[in-house]
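All of the numbers you see were taken from the coordinates with simple rules; none came from a lab. Just so it is clear, the structure is predicted and the values come from calculations on it, not from any experiment. FYI the Cβ positions are ideal-geometry reconstructions off the backbone, even for glycines, and counts take in every protein chain you see.
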Amino acid sequence: MENSLELAQETILTPSGLDENHLMDAFSVLLDSAADSGDIYFQLRKHEAWSLEDGIVKDASHNISQGVGIRAIKVEKSGFAYSDEIVLPALLESCKAARAIARGGQGGSVQSWKLSTGNQLYPAQNPLDTISEEDKVDLLRQLDSQARKQDSRVKQVMLSLAGSHEMILVANSDGQLAADIRPLVRLYVSVIAEHKGRLEQGSAGGGGRVGYDFFNEEDRGPSYVREAVRMALLNLEAVDAPAGTMNVVLGPGWPGVLLHEAVGHGLEGDFTYKGTSVFSGRIGERVASKGITVVDDGTLENRRGSLNIDDEGTASQYNVLIEDGILKGFMQDRLSAKLSKTAPTGNGRRESFAHLPMPRMTNTYMLAGEHDPQEILESVDTGFYAVNFGGGQVDITSGKFVFSASEAYLIEKGKVTRPVKGATLIGDGPDVLTKVSMIGNDLKLDDGVGTCGKEGQSVPVGVGQPTLRVDGLTVGGTAS
Amino acid sequence: MEGQSLSRQDDGLEQLVQFCLDEAKRQGATSAEASIDIEQGLSVTARLGDVETLEKHNGRRLGITIYVDHRKGASSTTDFELVSVRDAVTAACNIAKFTEQDECSGLADPDKMATEVMDLGLDCPWPLTPDEAVEIAIECENSARAYEAISNSEGASVNSGRDTHIYGNSHGFIGSYAATRHSLSCAVIAEQDGAMQRDYWYTTSRDPKRLQSATEVGDRAAQRTIRRLGARKIATQTTPVIFEAGMARSLLAHFVSAVSGGALYRKASFLLDHLNKKVFSELVTLTEDPHAKGGLASSVFDMEGVATRARTLVEDGVLQGYILGSYSARKLGMQTTGNAGGIHNLTLHPGEQTLDELMSGMQRGLLVTELIGHGVNGVTGDYSRGAVGYWIENGEIQFPVEEITVAGNLKDIFQKIIAIGSDTDARSSIITPSLLIDEMTVAGN
């Protein structure tokens, strides 16, 4: 951490002629009103993306963004301004704009800095440099040729390889100073298969806070390709999905998007404080079947949703949200924690320096239970088995949520039979986990491609769960 | 073409674009294009009668794309120092050493460049102080909270922004324009028997004078929220469905994706090879009007400098053209339609009936007022989304509905449009009234 801080100072502040004393000057300006706290967030982000289609690597880009975001807080009120220019005059100008939220009152200041420490969950490396440009191109070409060789019905292969190197430095009016260096890479494969005039797609991918070598290790790159092709071919056979309420078995891993939508968003501290979430004020109540424990865990090594520190400088944590079916806690940033008279949980996140932080999820998953997944499937007479999903969405006030299956099958007499087309599943957040009747022993986390959107801000997240049986979810197909 | 300029903007930024193009040439690019986007704005949110957030926006970005013998490289930066801009050009040139030759890549053809300057009435700044913005937001939220059934609020927001766009390429084209966009929105919560419902309303325009009033927005938000109280599921069935104008827009957005060049040349569209075929019911005519005064998607030239022009995209249900930029056009052996960056004010010609008349014409069925989730497959057209709305019997609203899905296939849904409303919603690049679909599958109990 200390190294990250030194490196961040050298990379972001020093070239602009800024140092810790200038930050104190900035806080004197920022707090020269009735503002009771504030923070200054510097960010430098380098991002690249390479893409292949029609068998050639035709597109690539390299992007740099940098800037500083400044926030002044007065009780529940936030003033915010930002600048792409990291120089003292722009910094002080933004401080004046942000402090306009509070008026009059005594001036405050920061007297000294104390370094906050966080976790060490990923290397402070620049993933963009972990393999050569030639190797990036080669990787994509090899995967493309593998996809086409796998089956002649594959007509189009689209691959993308993206990486980012993000450096943040955050200082707050309590005198805390913290930094983080965050690598993030992602490989995504999408194929289109054609048979007898019918076109279907399949996709897969993975990534994490690692270097690009990750995709060459453990056969990962090729496994995404096989998975995408398998899914496209499977979809060529799929029949219409059923419509109506039925017993549903959800596979392990990415289907954990259920938790993200059904309970996750509703447990974010800004919503719960304001009373706009269906879960507001329900700590201690039963919101899930016995045996269900759901956590939000920012401390998993190398995971896409993990953070050494959040974007307010708070160390990430393992936060128990639901324990044995009982609602235990919410996810908080500094502001929601203060207003809720509790402690921040390391969930203060923001898309960039140009956005205000808010309580956000990291890696959200359900702990494993005792049932063998096969036993769970066999327990269902007639139902719907969904093993892969696209995205989801929730109305946190009514609690209604959806998530859309991209790979699913019918269950008939305890056996998985025909593949069915994608369909949206809809349920009620506070209710759905009370309908979970069996929990698998096969907890799996997703492969690392998830992005969560809230109020226009996107952040990388993870999800996971074991195989689950849910007694009665509405499946939105078209077949009667 | 040499030296042509469609300037409405500050020369300093045009000079920076020119610097990029010159620098690209110096570093060996065969051709190049560069753009600058500057975003300035103010947004405030008021909640429970007091200001909650006050944000000043001030962002910028410079992007450059270079081609070396049909090899492409791109980069962007937010740092406008000349040395950093030069580095960005170098980064783009470096990338082009590794990307592969693609005969279709390159600038749009020089004869397609826009040559005319038109004032489209896009730049209408709102001289709004933060205090005034807060007052408007509070007034808006207050009028919503004045309804007794409103128990809580997510707040009301006022946004006012001005974006400046400068684009130039090595054909000698350089053009720029500024466009403002203002909006006012409000979201409130009502509670009944321990169950909460939330809904919202918003108004948006290039011109602040054309916004709905604060009280109107607050009233609509409250009324829309209150009428959702007591929502319940309905039985699984097939039934006629009305998509309220704001939701009908999303159906047309799926159509736009399906006839866009990127999806077509990748064979990732459920409307492949449908040119001159009937893709909608004969009631549907869609026109594109890029030069509409004050339009939210109006523009004289597209993201490649290509002149935009008005056209009919769908006439009496028959597809008349695709939505193409120069790359996808070349891939398809066609000509660009001036749609690099998207569609410009796509308008579905309205019918004669109000929403109430559509309901009474339907007699029995579902009115959809909100959709959630992403259950749309652009390759097959399979459609399945979560929905909120109202159950209609005898042509009138009976009760609110939630926790259901509406499903079908878009190809089919488009053909089954049997009535078009007169209640046009113009708050987007896609402008449409409400639509009545003859039959869809609803999943519920």
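Looking at chain B as a GNM with Cα springs under 10 Å, which of B:E402, B:E352, B:E282 has the largest mean-square fluctuation?
Of B:E402, B:E352, B:E282, the most mobile in the Gaussian network model is B:E352.
As a quick test, which of the pairs A:K196/A:K413; A:K149/B:K331; A:K400/A:K454 have an alpha carbon distance above 21 angstrom in this structure?
A:K196/A:K413; A:K149/B:K331, as the Cα separations exceed 21 Å there.
Show which lysines lie in cross-link reach of B:K97 when reach means a straight Cα distance below 22 angstrom and same-chain residues fewer than eight apart are skipped.
A:K46, A:K58, A:K136, B:K25, B:K72
Please compute the alpha carbon radius of gyration of the stretch B:128-210, then divide it by the globular-protein estimate 2.2 N^0.38 Å. Two decimals is fine. Walk me through the numbers before you get to the answer.
On the way: Rg = 18.9 Å, N = 83, 2.2 N^0.38 = 11.8 Å.
Cα Rg divided by the expected 2.2 N^0.38 Å: 1.60.
For chain B, divide the Cα radius of gyration by the Kirkwood radius and give the resulting Rg/Rh value with two decimals. Show your work: numbers first, answer last.
Values: Rg = 24.1 Å, Rh = 23.9 Å.
Checking Rg against Rh, the ratio lands at 1.01.
How high is the relative contact order of the stretch A:357-465, in percent, counting Cα pairs under 8 Å that sit 6 or more residues apart?
Numbers: 193 pairs, mean separation 34.0, N = 109.
Once normalised by length, the contact order is 31 percent.
Give me the compactness ratio for the protein assembly as shown, meaning the Cα radius of gyration over 2.2 N^0.38 Å.
0.92
Given the pairs A:K274/B:K233; A:K274/A:K341; A:K74/A:K338; A:K155/B:K267, which span a C-alpha to C-alpha distance of over 18 angstrom in this model?
Working: A:K274/B:K233 27 Å; A:K274/A:K341 13 Å; A:K74/A:K338 11 Å; A:K155/B:K267 8 Å.
Pairs exceeding the cut-off: A:K274/B:K233.
Mind jotting down a quarter of the surface of the convex hull over the alpha carbons of the stretch A:24-138, in square nanometres, one decimal?
On the way: hull surface 42.8 nm².
Directional mean of the projected Cα hull area for the stretch A:24-138 stands at 10.7 nm².
I need A:I73, B:I437 ordered by Cβ neighbour count within 10 Å, fewest first.
Details: A:I73 22, B:I437 27.
So the residues, fewest neighbours to most, are A:I73, B:I437.
For the stretch B:1-125, what value does the Rg/Rh ratio take when both radii are computed over Cα atoms and Rh is the Kirkwood radius, given to two decimals?
Numbers: Rg = 18.6 Å, Rh = 16.9 Å.
Across the stretch B:1-125, the Cα-based Rg/Rh ratio is 1.10.
Over all pairs of distinct alpha carbons, what does the Kirkwood formula give as the hydrodynamic radius of the stretch A:238-341, in Å?
Numbers: mean 1/r = 0.0645 Å⁻¹.
Computed over the stretch A:238-341, the radius equals 15.5 Å.
How many percent of the alpha carbon pairs in the stretch B:308-387 exceed a separation of 16 Å?
Numbers: 2270 of 3160 pairs.
Percentage above 16 Å: 72.
Principal axes first, then extents: for the Cα atoms of chain A, list largest minus smallest coordinate on each axis, whole Å, largest first.
Dimensions of chain A along the principal axes of its Cα atoms: 72, 56, 33 Å.
For chain B, what is the calculated [θ] at 222 nm in deg cm²/dmol (nearest 500), taking -39500 (n - 2.57) for each run of four or more DSSP H residues and dividing by its residue count? Don't jump to the answer; show the numbers that get you there.
Details: 9 runs with 99 residues, N = 445.
Counting only the DSSP helices, I get -6500 deg cm²/dmol.
Dipole size in debye (nearest 20) for the protein assembly as shown around its Cα centre, Lys and Arg Cβ +1, Asp and Glu Cβ -1?
On the way: 86 positive and 126 negative charges, 244 e Å.
That gives a dipole near 1180 debye.
Using the C-alpha atoms of the stretch A:7-71, what convex hull volume per residue, in cubic angstrom, is computed?
Working: hull volume 7.2 nm³, N = 65.
Taking the convex hull of the Cα positions in the stretch A:7-71, it is 110 Å³ per residue.
Which of B:L272, B:Q212, B:I189 sits closest to the plus end of the dipole of the stretch B:147-293, meaning its Cα is farthest towards the positive end, when Lys and Arg get +1 and Asp and Glu get -1 on the C-beta?
Farthest along the dipole direction, towards plus: B:L272.
For Cα pairs less than 8 Å apart in space and 6+ apart in sequence, what is the mean separation divided by the residue count of chain B, i.e. the relative contact order in percent?
Numbers: 1164 pairs, mean separation 67.5, N = 445.
Here the relative contact order equals 15 percent.
Could you state the per residue volume, in Å³, of the convex hull enclosing the Cα atoms of the stretch B:240-312? Before the final figure, lay out the partial values.
Values: hull volume 9.9 nm³, N = 73.
About 136 Å³ per residue, rounded to a whole number.
In the stretch A:352-423, which GluC sites (Glu not before Pro) are in a loop and have at most 11 other Cβ atoms within 10 Å, using DSSP for the loop call?
Details: sites: A:E370, A:E375, A:E378, A:E407, A:E412; in loops: A:E370.
Sites meeting the loop and neighbour criteria: A:E370.
Just the C-alpha atoms of the stretch A:353-436: what Rg/Rh do they give, with Rh taken as the Kirkwood radius? Present the calculation step by step, with values, prior to reporting the outcome.
Working: Rg = 16.2 Å, Rh = 15.3 Å.
Result: Rg/Rh = 1.06.
I need B:I36, A:I426 ordered by Cβ neighbour count within 10 Å, fewest first. Could the numbers behind the result be given before it?
On the way: B:I36 23, A:I426 31.
Fewest to most other Cβ atoms nearby, the residues stand as B:I36, A:I426.
When DSSP beta bridges are limited to those with both residues in the protein assembly as shown, what percentage is antiparallel, rounded to the nearest 5? Let's see the in-between values first.
Values: 228 of 259 bridges.
Expressed as a percentage, antiparallel bridges in the protein assembly as shown total about 90.
Which value in Å does the Kirkwood hydrodynamic radius of the stretch A:256-412 take, with 1/r averaged over all unlike C-alpha pairs and then inverted?
Working: mean 1/r = 0.0599 Å⁻¹.
The answer is 16.7 Å.
Report, ordered by chain and residue number, the aspartates and glutamates lying within cross-link reach of B:K277, taken as a straight Cα distance under 19 Å and ignoring same-chain residues fewer than 8 apart.
Partners within reach: B:E288, B:E315, B:D316, B:D412.
Under a straight-distance cross-link criterion of Cα-Cα below 27 Å, which lysines are reachable from B:K293, leaving out those fewer than 8 residues away in the same chain?
B:K112, B:K209
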